[in-house]
Every structure is written in C-alpha cells, then in structure tokens.
1. Treat each spin label as a single point 7 Å out from the Cα along the C-beta direction, and report the Asp206 to Lys132 distance in nm.
2. About the Cα centre of the chain, how large is the charge dipole given +1 on each Lys and Arg Cβ and -1 on each Asp and Glu Cβ? Please answer in debye to the nearest 20.
3. Taking a ≥ b ≥ c as the square roots of the Cα gyration tensor eigenvalues, with a/c under 1.5 meaning rounded and otherwise prolate when a/b beats b/c, else oblate, which class fits the stretch 8-244?
4. Given H placed on each backbone N at 1.01 Å, which residues far from Ala108 in sequence or on other chains put an amide H within less than 5 Å of it?
5. Arrange the following residues from fewest to most other Cβ atoms within 10 Å of their Cβ: Ser8, Ser287.
6. Can you sort Tyr140, Tyr178 from fewest to most other Cβ atoms within 10 Å of each residue's own Cβ?
7. Could you give the distance between the Cα centres of the stretch 150-169 and the stretch 117-145, to the whole Å?
8. Would you mind calculating the relative contact order of the chain from Cα pairs under 8 angstrom and at least 6 residues apart, reporting the percent as a whole number?
Amino acid sequence: MKTTPVTSADLRSSVIAVPPLCRGADLSLNREENGRLIRHLHAGGVRTLLYGGNANLYHMAPSEYPALLTMLRELAPEDLWMVPSVGPMYGTAMDQATMLRDQGFPTAMLLPTLFPAKPEGVATAIRHWVDKSGLQAVLYIKDEAYITPELAASLVNDGLISWIKYAVVKEDPAQDPYLAKLVTLVNPDLIVSGIGEQPAIIHLRDFRLAGFTAGCVCVAPQPSTDLLHAIQAGDFAKAETLREIFRPLEDLRNAHSPILVLHHAVALAGVAETGPTLPLLTRLPESLLPAIESAAKELLSKNL
C-alpha cells in the first residue's frame, strides 16, 4: 500500500475510484471479492481508492473498522493509495482517529452530514480529528451549507487538509459561484471533482481542479482513466466521447440511488460479487435490475 504523503501529483495521476464494499451473505467483509474488485481497478490504471459513501461506511459498526483497515492494507498493491473514511458523527470519527494511528494510511476522509451540524462545528471537528489521528483529513464538500469556502481555506492554510473532494451538484456545473470562490481561496491543485465522469471536463478545464472521483470507474476503469488523460492532454473532443460512455449507468444512479445502483452494477457486470448492503440501505426492486445489468455490461464491454 502506498504510504507516502499526499501530493498534487498523486491527485492528478489517477482517477480516484469510490468503490462499493463487498460483503458476504452474513454481512461480513468479503475479502476475496473485495480483492477481485481492487485488482480490476488496478489493471485499468487506477491507483487511488476512496472508501466512503459507495462503500456505505456511514453505517459500519466502529467495532468492524479495524478489520476494514487491515483488509484494505493487505489487499493493496504497493503503488495503490487506500483512503478510508471516518464518521460522519463526531464521536465515531474521534474513536476511528485512534484506530487509524500508526496504520500507514496517509489520510482519511470525514463523511459529511448536515444534521446535526454547523459549518463552524465541522471545522472544529476536523481540527480535533487531525490532532488526535496525526493525519491530514480529506474534506468532503457535498453541500454548500456544510462548510464555507473561508472555513475550508483556513483548514488548508493551517496544514490540516490533504485534499478537498468537491461534490455539490449543479444543474449547470459551469455556473457554480461556490466553487468559483473556493478556487480563489484554495489552490485548485488540492481540489478534486467529486461527482463522477459527467462534470469532470468542466471542473478540470474551467475550474482547474486536479482530478476527479468516480463510482462507475469500478465497472470500466480503463475508459475512465482514458478520460482523465484526454482532459489533461487538452483533447476535449475525445474526452466528451469517453464521458458519454458512462452516461447510461450514471443516469440510472441519479434516478434510483447512486450507492445502490453502483452496488448492483458491479455485481451484475460480473466484476465482483458485492453481496447485500448494510441497513439502513436495502436491495433495489427486482424490476430495476435488468436495466442496471444491461447498462453495466455495456459499460464493461468498453473496458478495453
């Protein structure tokens, strides 16, 4: 597992995959299937994995967390950067800070929550977490009400943040006053687009963000990697063509649940058996699965 400190070069070198977490029928961690998914991503050029919302770490028992860290550390090739998440509740994150110390992970992401939370409290929680864990944190901005650009910048300026995952959904991602302000206060080399392939071109080209996270990359890592490289090369016509490959599955995710559709898609495409999801989530209706399977298999066929 990669254990060196985070740099902007790391953020630019790979799509940041946000995979589901494979579980057995008894809801235990499935080491074999998680290993299959990791190898699939690694073969497609992915060198950073972020375990967060798609892995449903929101509902993981703190008592299971050490086993997750051990599994991720042991399954990772030497050049693969594993980023676990903590929280979202303050007490959970603080307990996990102790579990993460001296485990070799250079950073971890605080899962966001809006209730009960206030921007100043989020900033204070991150300061406490960094002090207790000894690690820099990934700041995940999923809603403008979560933290202000000024507070985010203060955390970066104090050396507490490894990078920012920006994932505020806009009808037109090119019209984003919050992000426009954020990149004037924080070096965009430390910010990644956090909403998959669809807004990646605009975020990287127009706002100069360092890279992007994605879920559908778990089905087709090579075209997602090619998309990143095309944007970086300024070949936006090729990038648009590659972006469209992901649209059918992304549309299903947006319509029915980003987490659950991806969870099913990875299994239905034959990439890895993801198993059941932890409650409070549940399996999608059977009537939706044929469309997900079709889109997932079509996407996988583009993984050349």
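All of the numbers you see were taken from the coordinates with simple rules; none came from a lab. Quantities reported herein were computed from a predicted structural model and do not represent experimental measurements. Glycine gets a Cβ as well: all are built from the backbone with ideal geometry, and neighbour counts include every protein chain shown.
1. 4.0
2. Values: 25 positive and 32 negative charges, 49 e Å.
About 240 debye.
3. Here the stretch 8-244 falls in the oblate category.
4. Correct list: Val138.
5. Numbers: Ser8 15, Ser287 7.
If I rank by nearby Cβ atoms, fewest first, I get Ser287, Ser8.
6. Details: Tyr140 25, Tyr178 15.
Ordered from fewest to most neighbouring Cβ atoms within 10 Å, Tyr140, Tyr178 come out as Tyr178, Tyr140.
7. 9
8. Values: 554 pairs, mean separation 63.9, N = 304.
RCO, the chain: 21 percent.
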